[in-house]
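Worksheet for the structure shown next.
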Amino acid sequence: MNSTVETTTGRTWKKPSFIANPVLRWALIIGTAAYIWWALTSLPFDWERIQQGVPRAIRIFKGAFPPSFIRGELLFDGFMESIKIAIVSTLLGLGLSVPIAFASARNIAPRWLYIIGRGTIIVARSFHPVIVAIIFVKAVGFGPLAGILTLTIYSIGFVAKMLAERIEEIDWGQVEAIKAAGGATFVTLLYAVIPQIMPRQIGLSIYQLDSNLRASAIVGIVGAGGIGSTLLNAFGRYDYDFALAITLCIIGVILVSEAISGRIRRNLW
């Protein structure tokens with residue numbers, strides 16, 4: 001798109017730069033380029049190993065085609081376990097996220113409770129689900145329980161944060177009206193706050209279920225149950241054709257899940 005426009009007065013209008021100060025703009029560009037160069041030259045790339053890895057990758061891809069669906073029962077059981085993990089963890093996460101969200105809303109909670117609530121969200125969001133899954137696998141052992149606990153923490157970190165921000169944006173006039181009528185705290189929350197945040201809560205619930213379904217395949221790779229564990233075992237046995245079949249099924253399930261959840265969210269809004 002042309003950034004200059006001829007005005008009726010004969011003067012040329014030029015789109016302003018994102019950073020008006022030219023010295024600061026060029027310093028930022030040069031600094032960014034210098035950092036990228038420094039990062040690329042200082043990282044320990046083993047080019048010899050990379051060259052050796054190319055033919056190894058070719059052998060893996062050759063062994064993966066055509067994909068093998070001969071162990072369909074094992075594939076089905078892995079997906080069913082992932083679905084169960086996603087549903088249970090979503091329900092647990094949503095149940096815990098609602099009170100944490102109210103505790104994390106500045107306009108609802110007292111300051112001491114706000115600090116506790118925000119601290120809980122920060123801790124839940126601080127680590128990638130794979131790291132949390134490794135911790136729970138070490139704590140409770142391999143299997144779906146570690147996956148459920150991991151994705152519950154993952155759900156709290158996202159849902160509680162987004163819901164708390166929605167609570168802070170509510171129309172305070174409805175709250176004052178209920179209080180003026182003599183409504184207690186619980187009544188005020190039930191009739192003035194919850195109706196305003198319910199559409200967002202429904203949308204977040206659907207999104208988080210979709211997200212947990214995808215994440216269950218990832219955390220399973222470290223032993224937290226589900227189809228990810230099946231995929232890891234396939235790679236461990238060098239069954240690359242079965243691993244490709246699992247990967248294709250994961251992609252297909254995620255595409256279907258994304259389409260369904262997207263359609264529901266559009267209808268809600």
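Assorted remarks:
- Among the residues here, Glu73 qualifies as loosely packed, with under 13 Cβ neighbours inside 10 Å, in a helix (DSSP H, G or I) and of a type outside the set (Val, Ile, Thr).
- Candidates Leu151, Leu232, Leu248: the one that is buried (at least 18 other Cβ atoms within 10 Å of the Cβ) and assigned to a helix (DSSP H, G or I) is Leu151.
- The set of residues in the range 94-112 being over 14 Å from Glu168 (Cα atoms) and either in contact with a helix residue (DSSP H, G or I) (Cβ under 8 Å, 6 or more places away or on another chain) or small (Gly, Ala, Ser) (or both) consists of Leu94, Gly95, Leu96, Ser97.
- Residue in the range 76-122 that is surrounded by the most Cβ atoms within 10 Å (Cβ to Cβ), counting only those that are in a helix (DSSP H, G or I) and charged (D, E, K, R): Glu81
- Pairs with Cβ under 8 Å, 6+ apart, first in the range 192-206 and within 12 Å of Met162 (Cβ to Cβ), second at pLDDT below 80 and surrounded by fewer than 18 Cβ atoms within 10 Å (Cβ to Cβ): Gly203/Arg265; Gly203/Leu268; Gly203/Trp269
The values are calculated or read from the model by the stated rules, or taken from the named source; none is laboratory data. Please read these numbers as outputs of a predicted model, since none were measured by experiment. We place every Cβ from the backbone using ideal geometry, glycine too, and count neighbours over all the protein chains shown.
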